[in-house]
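The values are calculated or read from the model by the stated rules, or taken from the named source; none is laboratory data. No experiment lies behind these values; they were computed from the predicted model shown. Quick reminder, even Gly has a Cβ in these numbers, built from the backbone with ideal geometry, and neighbours come from all protein chains shown. In case anyone asks, the SASA skips ligands and DNA or RNA and just uses the protein heavy atoms, side chains included. Shrake-Rupley method; radii C 1.70, N 1.55, O 1.52, S 1.80 Å.
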Amino acid sequence: MTSTTLLPVADVRTVFAVVRPLLRRHRGALLLALFGLVLASVCGLAGPASIGWITQLIADGADPLGLLGPGLLLLAAGLGQAGFGWIATVALSRGIQPGVASLREDTVAAALNLPLDRVEAGGTGDLVSRVSGDAEEVSDAASWAFIAFAGAGITIIMTLLGLAALDWRFAFAGALAIPVQAFAVRRYLRASGPIFAAGRAADGVRASALLTAFSALPTVRALGLGERERTRIEAASRASMGWEFRAVRTATVFYARLNLAEWIGLSAILVAGYLLVTTGAVPLGAAVTAALFFAGLFDPINTVLGVFGVLQRAGAGLARLVGVLTVATPSPVPNPTRAPSSSPVPASAPIPTGTPVRDARVGLAARDLTFGYHPGVPLLEGLNLEVAPGEHVAIVGESGSGKSTLAAVIAGLRAAESGFAGPVHGGGAGGNGNGNGLDGYAEGDRERGLPILIPVPLATQEGHVFAGSIADNLVIARPGSPTPALIEALTLVGAWEWVSALPEGIHTRVGGGGLPLTAERSQHLALARIALVDPPAVILDEATAEAGSDAARTLDAAAEALLRGRTALIIAHRLDQAARADRIIVMEHGRIIESGTHAQLRAAKGRYAHLWAAWASTAVE
Ligand SMILES: Nc1ncnc2c1ncn2[C@@H]1O[C@H](COP(=O)(O)OP(=O)(O)OP(=O)(O)O)[C@@H](O)[C@H]1O
């Protein structure tokens, strides 16, 4: 990939549109939090007020017993502040955290549904950094920064009101700090916003560079590309670090300006207090209270301005998370002959246990299908293919002829530009043969007794092994499946023999950090995963192509058992696999150029006959 197009970042309006209903759901908790924060800051003010009161009593030479009143007020204020603060914190996190959690879940679900080409265009790292780093920033901010920000903001407002209540001149003196603070904040926000956004984007690019290099490690080693990859990662890391340095530098200047503002405000209050007390305008206790009020503002002001950075960072993360939600997910091209779906089945939705999905009346079709990797350059153009229910069709053709692409579009992994591709109703009783979109039940399907259409599983030669137990690797395809169902699926494809011989059987950990599996066993698990889903139609994309001869025999048998009684599209590189199919189609430059049985095509002496002759002369059975 030479250039990347990162996933979109949502604008402020879209972010609000997504966040508002999440917060509205917990309005009660948020109101309780606001109430608690106001009472906690009122209690916070009672502390300095009682110290001022005590000072006044001492200055007046009052009876020591008279100090008991302000002493008790001081104690009650401390307890009240802690108690109300606790209530507010709990209520606020109850109001915000569920929203953050559901946003994260929605984003992860949307990420899993993203069109493959969109993820490829942005680099996998961009997506990974959003659902991990950005989600972390947002969650972090919600768990403490937002609470600290709201608490400190309310304390500032209440303190300013308290200062004004003591004497408006104290409020005026304190307000002299505001222009410097406003200047500091304005400069900081202007500078830091773009720095944080660019920093998060640079992190995404760095993650992409790392993932690309690691995922292609064997190729990188084989072609001696290590140095080139290292330089690329180093450049991406340097860019990311550069933004980090700039963020720290901007924050340092910001805090220096805030310290200057504090110094100006406190000096003004002390001067005002001195003048007001010496002229008898206010008692000494009031001046002490005012100075303590103002000093008490340092912390909340620093908190508000300090967490601004965290909130801004979280804001940038939130916009990137919501951005994932705004990417249109591939929806199957609707079949114009059918009504729209009433209960859609998303392409990646797990099939709940107990849902009967296997049905002998489901076929596969591509109708007037057009698809291309680059806009305006179609690879498949107006392609038509019908696979009848229960039929096994093999696709053969030279490398690059479009076999895998056709399989991916029919499996719903890539969205068609126009036309239709996917499972269809057809054949048997109740089917109308018109076909259907990949849309679960369409209007009236239940009434007509038509089977539900689920996404067609595609097994490729890269049978992926997830880190976890063998059971985890299977259950992922059909959550909630009981152990006997897993064993049945493994047995069907002939994998139970080796799985049951492992020390921990089905609970053996495989994948990252677990038992390494051979390519053959990984594929075996991939086929068992499909057996567990028990779908009516399956696509095998070279699922046994790379295996050695013994492994090929094992996996051929597994595929044969899996495909029995199902509709199948098989991309066959070894032509003996194709010969066993009911029908063979030959592809060239994205088009179907021949279609027929093995015998028919050999007799026709066309492209397939040539391929067969070439293969048969080199094949070792
Ligand atoms: N992700 C992609 N982005 C851009 N072009 C692609 C992508 N995948 C495949 N192509 C191109 O599309 C064309 C068809 O590729 P496809 O993999 O479908 O062919 P194939 O017949 O399955 O080949 P093979 O047998 O080598 O897998 C090729 O020119 C290939 O380079």
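Couple of notes before you dig in:
- Taking all protein chains together and a 1.4 Å probe, the residues HIS598, HIS374 rank HIS374, HIS598 from largest to smallest accessible area.
- Kirkwood estimate for the range 464-504, i.e. one over the average of 1/r between Cα atoms, Å: 10.6
- Cut-off 14 Å between beta-carbons: net charge of the residues surrounding GLU229, Lys and Arg +1, Asp and Glu -1: +3
- Of every Cα-Cα pair in the range 12-326, the percent that sits beyond 38 Å: 33
- Karplus 3J(HN,Hα) series, Hz, for the range 585-595 with 6.51 cos²θ - 1.76 cosθ + 1.60 (x for Gly, Pro): 10, 10, 10, 8, 6, x, 10, 8, 9, 8, 8
- Distance from the range 13-74 to the range 494-521 (C-alpha centre basis), Å: 61
- The order of LEU311, LEU258 by accessible area, most exposed first and with a 1.4 Å probe, is LEU311, LEU258.
- Those GluC sites (Glu not before Pro) in the range 498-542 that DSSP places in a loop and that have at most 16 other beta carbons within 10 Å: GLU504
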